[in-house]
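Undergrad: One structure is given below, represented as C-alpha cells, and several questions about it will come after.
The values are calculated or read from the model by the stated rules, or taken from the named source; none is laboratory data. As the structure is a prediction and not an experimental result, all values here were calculated from the model. Virtual Cβ from ideal backbone geometry, glycine too; neighbours counted across all protein chains shown.
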Amino acid sequence: MQLAGKVAYVTGAGSGLGKAAAMRFAQEGAKVAVLSRTAQQINAVAAEIEAAGGEALALVADVSQPDQMQNAAQNIMDKWGRLDIVVANAGINGVWASLAELTPEDWDTTMDINLKGTFLTVKYAVPHMKETGGAIVVVSSVNGTRMFSNTGATAYACSKAAQVAFTKMTALELAPYRIRINAICPGWIESEISENTTLRNANLRLPVDFPQGKIPLTNGKAGKAEQVADLMLFLASDASSHISGTEMWIDGAQSLLQG
C-alpha cells in the first residue's frame, strides 16, 4: 500500500492510461478523484474503484475551462481536505494533417486540451499541495520529444513538447514546496486515444524502411496501459522522492528506432 492515506487526482480518467492509473493508485491505498468530460464514463470508473474497496470521487469537467478546473480542485479539498498526487493525463490526438490542411481552429483545439489543460490542472491543484508537498505526473508523448517521424502530427507534437518544457520550468518553482513534477512519454500504448484522432491525409508519412517490428522490445506489439500506470505509481510514490523535472520514455525503445 504505497499510497495509503494519500489523495490522488487523475484527469482523462474515463479510459485508457488515466483509468489504469486511477485503478492502480486505488489498489495502493489512495483515495482517487477521477475527472472526465463524460459523466457516464467517469461515474462508471468511480463505481469500479469503489466496488473493489477503494474510495473515489467522480468529477465532470472540461480541462480547457479555468472555472471548471478550479472548481474540480476545490471539490477534492471539500471532500478529503488534502491533495498529494496529480496526474495531468487528459489529451487528444486531434487533427493530423499537412500545414495547408490544418486549420487554426484545429491547432487551438489541440493546444487547449493538451497544453492549456495541463496548465490549468496543475495551476489549480498546486495551491492545495503546498503545505504537504506531493507529486505531479504530466503525460506527454514520444511525439515531439524523441520522435518526429509522424508527419502531419504537428499540433499534437508541439503540444507534447511544450508539456515537457512546462514540467522543467515548474520543477524549480515547485521544489521549495517539496512538490515534484515529472513527465512521462509513452509510445504506442493500447488505449482509446485513436478515437480522438482525425486524419485529413492518409499519405503524409514519408516512406521509410524500418526493421521488422517497430517496437524492438516487444517485436511490434503495443504496450499496456497498466505498464504506464506502474511508471506513474513510481513517480507518484516516495520511491522517486529525489526525481523532479525529468521526462521518462516508456515505449519499448520505439522512438530510438523511429526518431
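Undergrad: How about segment 71-109: which of its residues are among the polar types (S, T, N, Q), in a loop (DSSP other than H, G, I, E, B) and without any contact (Cβ under 8 Å) to a residue 12 or more places away in the chain?
TA: Listed by number, the list holds a single entry, 103.
Undergrad: From the residues in segment 78-102 that are closer than 22 Å to residue 37 by Cβ and of a type in the set (S, T, N, Q), which one is surrounded by the most Cβ atoms within 10 Å (Cβ to Cβ)?
TA: Step one: filter segment 78-102 for residues closer than 22 Å to residue 37 by Cβ, giving 78-79, 83, 85-96.
Keeping just the survivors that are of a type in the set (S, T, N, Q) gives 89, 93.
Values: 89: 27, 93: 20.
Among those residues, the one meeting the criterion is 89.
Undergrad: Does any residue in segment 232-259 that is on the phi > 0 side of the Ramachandran plot come within less than 6 Å, Cβ to Cβ, of a residue that is part of a helix (DSSP H, G or I) and modelled with pLDDT of 95 or more six or more places away or on a different chain, and which pairs are these?
TA: These pairs meet every condition: 245/168; 245/171.
Undergrad: Free of Cβ contacts under 8 Å to residues at least 60 places away in the same chain, among the hydroxyl-bearing types (Ser, Thr, Tyr) and farther than 20 Å from residue 226 by Cα: is that true of residue 64 in this structure?
TA: Yes.
Undergrad: Still on this structure: Residue by residue through segment 155-182, note down the ones that are without any contact (Cβ under 8 Å) to a residue 12 or more places away in the chain and within 15 Å of the chain's Cα centre (by Cα).
TA: Going through segment 155-182, the residues without any contact (Cβ under 8 Å) to a residue 12 or more places away in the chain turn out to be 165, 169, 173, 176.
165 - this is the single residue of segment 155-182 that is without any contact (Cβ under 8 Å) to a residue 12 or more places away in the chain and within 15 Å of the chain's Cα centre (by Cα).
Undergrad: Related question: Which members of segment 57-74 meet the condition of being out of contact with any helix residue (DSSP H, G or I) (no Cβ under 8 Å at 6 or more places or on another chain) and either buried (at least 16 other Cβ atoms within 10 Å of the Cβ) or of a type in the set (Val, Ile, Thr) (or both)?
TA: Listed by number, the list holds a single entry, 68.
Undergrad: Something else about it: In the list 116, 130, which residue meets the criterion of being surrounded by fewer than 24 Cβ atoms within 10 Å (Cβ to Cβ), of a type in the set (Lys, Arg) and within 17 Å of the chain's Cα centre (by Cα)?
TA: Values: 130 fails: within 17 Å of the chain's Cα centre (by Cα).
When all the criteria are applied, what remains is 116.
Undergrad: Could I ask something else about it? Just to confirm my filter: which strands (runs of 3 or more DSSP E) fall fully inside segment 130-225 and include at least 2 residues that are at pLDDT below 85 and over 15 Å from residue 255 (Cα atoms)? Full working, then the answer.
TA: Details: elements: 134-139, 179-186, 197-199.
Once the strands (runs of 3 or more DSSP E) in segment 130-225 are filtered for at least 2 residues that are at pLDDT below 85 and over 15 Å from residue 255 (Cα atoms), what remains is 197-199.
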